[in-house]
1. Considering region 133-144 alone, what residues qualify as being open to solvent by 70 Å² or more (accessible area, probe 1.4 Å) and modelled with pLDDT of 85 or more?
2. Out of contact with any Ser or Thr (no Cβ under 6 Å at 6 or more places or on another chain), open to solvent by 10 Å² or more (accessible area, probe 1.4 Å), within 17 Å of T141 (Cα to Cα) and modelled with pLDDT under 90 - does that describe any residue in region 234-243?
3. Across region 313-331, what is the total count of residues that are over 17 Å from I281 (Cα atoms) and among the β-branched types (V, I, T)?
4. Say we look at region 16-36 and pick out the residues that are at pLDDT 75 or above, over 20 Å from L236 (Cα atoms) and touching a helix residue (DSSP H, G or I) at 6+ places or on another chain (Cβ under 9 Å); which of these is least open to solvent (accessible area, probe 1.4 Å)?
5. Could you check, for region 51-59, whether at least one of its residues is surrounded by fewer than 24 Cβ atoms within 10 Å (Cβ to Cβ) and either touching a strand residue (DSSP E or B) at 6+ places or on another chain (Cβ under 7 Å) or in contact (Cβ under 8 Å) with a residue 40 or more places away in the chain (or both)?
6. Confirm whether Y243 is under 18 Å from the mean Cα position of the chain (by Cα) and touching a residue at least 24 places away in the same chain (Cβ under 8 Å).
7. Give me the pairs, please: first residue somewhere in region 324-339 and closer than 19 Å to G56 by Cα and open to solvent by 30 Å² or more (accessible area, probe 1.4 Å), second residue anywhere and of a type in the set (A, V, I, L, M) and in a helix (DSSP H, G or I), beta-carbon distance under 7 Å, and either six or more positions apart or on two chains.
8. Report, by residue number, each residue of region 147-192 that is open to solvent by less than 50 Å² (accessible area, probe 1.4 Å), touching a Pro at 6+ places or on another chain (Cβ under 9 Å) and of a type outside the set (G, A, S).
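The values are calculated or read from the model by the stated rules, or taken from the named source; none is laboratory data. Quick caveat, the model's predicted, so the values are computed rather than measured. Neighbour counts run over all protein chains shown; Cβ positions are idealised from the backbone, glycine included. What goes into the accessible areas is simple: the full protein's heavy atoms, side chains included, and nothing from ligands, DNA or RNA. Shrake-Rupley method; radii C 1.70, N 1.55, O 1.52, S 1.80 Å.
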Amino acid sequence: MRFIFKTSYEQDLTLFGDSVQRNWYVALLVGLLGLPWLLPAYLTDLSLVLIYGLCGLSLMVLAGYTGLVSLGHAAFLGIGAYAHVYFVQDVGLPWIVAVALATALTAAAGVLVGSPALRMTGVYLTIATLAFALVIQEVFTRWDRVTHGLKGRPVDKPVIFGVSFATDAAFYFLCLGFLIGGLWLTRNLLRAPTGRAWVAIRDSEIAAQSMGVNLAVYKTMAFSYSAGLMGLAGALFAHKIGYLAPDIFSVLLSIQFLLMVVVGGLGSLHGALYGAVFVAILPVLISQARDAVPAWHGLDRFVKQPGLEPGLFGLILVLFILFEPLGIFGRWMKIKLYFSMFPLYKRATFRRQKTYMRSERLR
């Protein structure tokens, strides 16, 4: 079992724990750069996984590190997508400028949503964000001048500084660059006082307030930053699907985002990426299972029902909450600890139990 011995304060400021961890991430980056030549047939799905990873990173900041559950992030994704396409194709702005403006506009929308929701917690905040998602979807349907309503609008391929990213490989590297940038920025922000204030709010709002944390300011910052990341993902998502329509940004998509962070593992940047891979692969597995089920006592007609996929998403979410609340990343940590401590591993190491801080008893 490896132990990291810290000999200077600068070790706490580094991005990686030690050289071994850094080398593993470098190897992972090399592998991701080589995927276009290893798996050329799946490039489209890989770019979608990277976009979903950015979406999971956005919701992880809000739900995993601040403790605020939202069912309205599909609306933020739609705002970023429609704003980016409008700035590029209607206004004629450069691609980078359009992405920056779409991200800023979505972050401002996050402030507008977060400010009234500061007095809400738990299920009431979830209902408020759900209502916001329904209102924004109706706006997408009615605002024909920008969104073209139910007819939808096509999206051109991205062109940055005269360089076209129309091919699958080029767009994959573009999404990979934005995901790495988002991970780097979020990782550094979580190590800053802002990120520590978010974690304090998640653990105990009363304790955080007693330590001088301004709840209203930091909750609004969490909503704004999370919405901004989702707006950035929306700009990439628009080019990925190639055609925008209001019914794409439905409540089901918000539930998929929530499933992503819960299944991946709340409170972990790794969990956001694990959940993105899971959510991107699950529809493919469902479609393959539908074709493989034999016509036995009408079972094939049951699995081909149109509402089966949302039902499976909900069932998987409930099962993970009941039996694996730490998600895929938590299970990986258990396996890793088991082999590092073998044969001295004890089952009580990860025993689930409810604990309360003293300040929580005041509620």
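1. The answer is L134, V135, E138, R142, W143.
2. yes
3. Matching residues across region 313-331 total 2.
4. Ranking the qualifying residues of region 16-36, first place goes to G31.
5. No, region 51-59 contains no residue that is surrounded by fewer than 24 Cβ atoms within 10 Å (Cβ to Cβ) and either touching a strand residue (DSSP E or B) at 6+ places or on another chain (Cβ under 7 Å) or in contact (Cβ under 8 Å) with a residue 40 or more places away in the chain (or both).
6. It is false that Y243 is under 18 Å from the mean Cα position of the chain (by Cα) and touching a residue at least 24 places away in the same chain (Cβ under 8 Å).
7. I328/V263
8. Those that are open to solvent by less than 50 Å² (accessible area, probe 1.4 Å), touching a Pro at 6+ places or on another chain (Cβ under 9 Å) and of a type outside the set (G, A, S): T147, I160, F165, F171, Y172, L174.
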